[in-house]
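Below is one structure, written out as structure tokens; the observations come after it.
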Amino acid sequence: MKSIVRLCGLGLMLLMFSAVGSGVLADSGEDKQKAVLVTGASSGIGRKIAEVLAEQGYFVYAGARKQKDLDALNEIDNVQSIRLDVTIQEQIDAAVEIVNEGGRGLYGLVNNAGIFIGGPLADVDLQEFQWLMDVNVYGVYRVTQAFAPMIIDAQGRIVTIGSISGTLSGRFSGQYSMSKHAIEAYTDSLAAEMAPLNVHVSVIEPGNYDSAIADTALARLHANNDGYAKEGSPFAEDFARWIDRPWDRSQYKKPDEVAEAAVHALFADEPLRRYMVVPNKEEAGWTIGKQIEELVQLNQWQAYSFSREELIAMLDKAMAGKH
Ligand SMILES: NC(=O)c1ccc[n+]([C@@H]2O[C@H](COP(=O)([O-])OP(=O)(O)OC[C@H]3O[C@@H](n4cnc5c(N)ncnc54)[C@H](OP(=O)(O)O)[C@@H]3O)[C@@H](O)[C@H]2O)c1
């Protein structure tokens, strides 16, 4: 079961950060109400982030695609929904106009919209992979480019929802892991470019939380006739077993702590570059363990390997630094 959950591959910071008191208060007299755009706010993590920000008095532009979701989001105080499919440039351009017309500027962007597909890398059609990358990677790229001038103007914050799959990769979740690994590199480069402009960039890396992501993935899989393994594929049997598992994510925690991390990244005086937010120590162990394994792999079989003592000195230095 453990490995099944891990292969599902969707994804704590200790809850030492408290949103209130850690940053700029949304309704304090000295600040106008700060505005944040959250993509993919119809369900799961994005919806929770939108709710928490709105509750705390920030103004939320909540991206969604379906009319019923747009209407539901508009029911929340401090929320204005915007039709926003992150794969459609015209909708992104229209969203920029709407936010401009709002007159609040844009302080924060939360790139949350994302999808999951899983299947053998040797079998899954390129178009399916492109669909995934179009949302999880190009979507982030497009939306951030479009809103960058406003965020720079506000000296604001950019936060992307990555995943512990930005570190972990397992059987039949390679496409998703590839997309989330891309977000790690994206965050580091963007952060380096934006730092001189006083824009802070973070990535949040959730573990497994309750959301609609697995339902959407399963529906897509069925629509493809469960066809992610090609006929005669040596992976077909194994993949059939992989599909035949509980997809119901209600066993997992609601993503409240992911939203807390987003608030910290957006408004704390000293935001972090990375927030790993997992529901238990086991998931933290998978992720940190994999990072250490990679470190050991990089250090072996090369001319300039570091000794154990040198590695520990590096670790001590990193732990003493600010990130
Ligand atoms: N839940 C987890 O355990 C977990 C773990 C690690 C990372 N994550 C990441 O968290 C983020 C949110 O996922 P979730 O788990 O909350 O899943 P979710 O409930 O399925 O939410 C995904 C959101 O993305 C939206 N979306 C999908 N395609 C889109 C597109 N082309 N343009 C704009 N929006 C689009 C969905 O909108 P529609 O309703 O219109 O489809 C929905 O609002 C994703 O980036 C995911 O990879 C989740």
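Among the residues of this structure, residue 256 does not count as one that is within 16 Å of the ligand (Cβ to nearest atom), acidic (Asp, Glu) and over 18 Å from the mean Cα position of the chain (by Cα).
The criterion of at least 1 residues that are farther than 19 Å from residue 161 by Cα and open to solvent by 90 Å² or more (accessible area, probe 1.4 Å) is met, among helices (runs of 4 or more DSSP H) falling completely within region 218-323, by 236-243, 281-299, 308-320. Scanning region 168-181 for residues that are assigned to a loop (DSSP other than H, G, I, E, B) and crowded, with 23+ Cβ neighbours inside 10 Å yields 168, 172, 173.
Residues are listed down the side, and each one gets a yes or a no for (1) aliphatic (A, V, I, L, M); (2) closer than 27 Å to residue 194 by Cβ:
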site	(1), (2)
39	no, yes
53	yes, yes
65	no, no
88	yes, yes
115	yes, yes
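Among the residues making up region 36-75, those that are at positive phi and either open to solvent by 20 Å² or more (accessible area, probe 1.4 Å) or within 16 Å of the chain's Cα centre (by Cα) (or both) are 40, 44.
The values are calculated or read from the model by the stated rules, or taken from the named source; none is laboratory data. Computed from a predicted model, the values in this text were never measured in an experiment. No Cβ is skipped: glycine too gets one built from the backbone with ideal geometry, and neighbour counts run over all protein chains shown. Just so you know, the surface numbers come from the protein's heavy atoms only, side chains and all, with ligands and any DNA or RNA stripped out. Shrake-Rupley method; radii C 1.70, N 1.55, O 1.52, S 1.80 Å.
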